[in-house]
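Participant: Let me give you the structure first, and then I'll get to my questions.
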Amino acid sequence: MQPKSLVNITDYGRDDILRILQSAAKFKQSPNRDLLQGRVCATLFFEPSTRTRLSFETAVNRLRGRIIGFSDAATSSSTKGESLKDTIMMVSNYADLIIMRHHLEGSARYASEVSPVPVINAGDGSNQHPTQTLLDLFTIYETQGTLENLTITIVGDLKYGRAVHSLIQGLSHFHPTFNFVAPDELGIPEKYKLYCDRRGIKYNEYAEFSPESINSADILYMTRVQKERFTDLMEYEKVKNVYILYNDMLSESKPNLKVLHPLPRVNEINQDVDENPKAYYFQQAKNGMFVRQAVICDLLGIGVE
Ligand code: CP
């Protein structure tokens, strides 16, 4: 039998998600513990990362575990032609858990199927980023006091944004209303609309970043246009600055509104938003470490207490 992995946010049901958020809250109170003494975790990053890799590695360090891995696939034997399967088999000889980011959609599922140790998907192409969603949900709960019945406006690259795809599925347990704001070229894929339709989840689609889409929201989730997913850079140039949030656009927003972003940002949130108390993206990124501590312990069957 394969060990439990986290590849898609749908691998965790509602109760699993709530359990992870509860554990993460405990780690936020007290992040330095001896829970991973003697354990080794591998971070295999075939694509660049700042937050995800460093927060995973800090999570392990603060639990007294050890980290091996690479942050640049060019330094691994994949450049000599070693297959993903062989890489995973080798690393599982050394590590108790594999955390992997890869440019190919489905690579994390494949890795989890061949790996004798748990695999955490740290992002596979445009597909999924489940630990981003768990930290987003933690942050939404932290700022709103609930996950239920919220209006979430998601802005930007809804086609290629893996954080968006996971977030829609992760929030689906909690009766959200979505406002999807995207240009035609970067609209939400049909499969996620179908996912919402089948669950009776309400959504509106906008091509304009209208005051209505901002002022009706509890959470304004801004995203970057994913340059690395475009095959034609002229197409990227056309849409790269399609929506930019400026501070004065928040003047009529709800008092409880928080602006989130998975980061990195490019131009889509002007720096004049940073000083607004409604800007919460840096605190959101910090929460990633606590949530990842919770996920690692969960998959290794280690109790938090
Ligand atoms: N949010 C996120 O995945 O950031 P990184 O690409 O820096 O890991």
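Participant: Lys/Arg Cβ at +1, Asp/Glu Cβ at -1, dipole of the chain taken about the Cα centre: which of Phe27, Ala108, Gly145 is farthest positive-ward?
Facilitator: Phe27
Participant: Treating the beta-carbon of each Lys and Arg as +1 and of each Asp and Glu as -1, no other charges, what is the dipole magnitude of the chain about its Cα centre, to the nearest 20 debye?
Facilitator: Dipole size: approximately 940 debye.
Participant: Right, here's the next one. Would you mind computing, in nm to one decimal, how far apart the modelled labels at Tyr246 and Thr79 are, each placed 7 Å from Cα along Cα→Cβ?
Facilitator: It is 4.5 nm.
Participant: How much of the DSSP bridge set in segment 130-285 is antiparallel, in percent, rounded to the nearest 5?
Facilitator: Percentage antiparallel, nearest 5: 0.
Participant: Heavy atoms only, probe 1.4 Å: what % of the accessible area of segment 77-118 goes to carbon and sulfur, would you let me know?
Facilitator: Ligands and nucleic acids excluded, carbon and sulfur reach 51 percent.
Participant: If you project the alpha carbons of segment 130-285 onto the principal axes, what extent comes out on each, in Å, largest first?
Facilitator: Computed over segment 130-285, the largest-to-smallest principal extents equal 43, 39, 29 Å.
Participant: For Glu105, what residues show an amide H to amide H distance below 5 Å, using hydrogens built from the backbone and excluding near sequence neighbours?
Facilitator: Ser126
Participant: Oh, and also: Viscosity 1.306 mPa s, temperature 10 °C: what is the translational diffusion coefficient of segment 1-51 from Stokes-Einstein with a Kirkwood Rh over Cα pairs, rounded to a whole number of µm²/s?
Facilitator: 113 µm²/s
Participant: With a 1.4 Å probe and every protein chain left in place, work out the accessible area per residue of segment 130-285 in Å², rounded to a whole number.
Facilitator: The answer is 43 Å² per residue.
Participant: Something else about it: Looking at segment 25-167 only, what percent of DSSP beta bridges run antiparallel? Nearest 5 please.
Facilitator: Of the beta bridges lying entirely in segment 25-167, close to 5 percent run antiparallel.
Participant: Would you calculate, for the chain, the mean residue ellipticity at 222 nm contributed by helices, counting each DSSP H stretch of 4 or more residues as -39,500 (n - 2.57) and dividing by all residues, to the nearest 500?
Facilitator: Helices in the chain give a 222 nm mean residue ellipticity of -11500 deg cm²/dmol.
Participant: What does DSSP give for the chain in terms of the percent of beta bridges that are antiparallel, rounded to the nearest 5?
Facilitator: Counting only bridges with both partners in the chain, antiparallel ones make up about 5 percent.
Participant: Further question: If I compute solvent accessible area with a 1.4 Å probe over the protein chains, what percent of it on segment 160-249 is carbon and sulfur?
Facilitator: 48 percent
Participant: Using the C-alpha atoms of the chain, what convex hull volume per residue, in cubic angstrom, is computed?
Facilitator: Taking the convex hull of the Cα positions in the chain, it is 131 Å³ per residue.
Participant: Another question about this same structure. At Gln271 and Leu54, where each label point lies 7 Å from the Cα along Cα→Cβ, what is the point-to-point distance in nanometres?
Facilitator: Taking the simple label geometry, Gln271 and Leu54 are separated by 1.8 nm.
The values are calculated or read from the model by the stated rules, or taken from the named source; none is laboratory data. This structure is a prediction, so every number in the text was calculated from the model and none was measured. Here the Cβ is made from the backbone with ideal geometry for all residues, glycine too, and neighbour counts use every protein chain on show. These area figures cover heavy atoms from the full protein model, side chains too; ligands, DNA and RNA do not enter into them. Shrake-Rupley method; radii C 1.70, N 1.55, O 1.52, S 1.80 Å.
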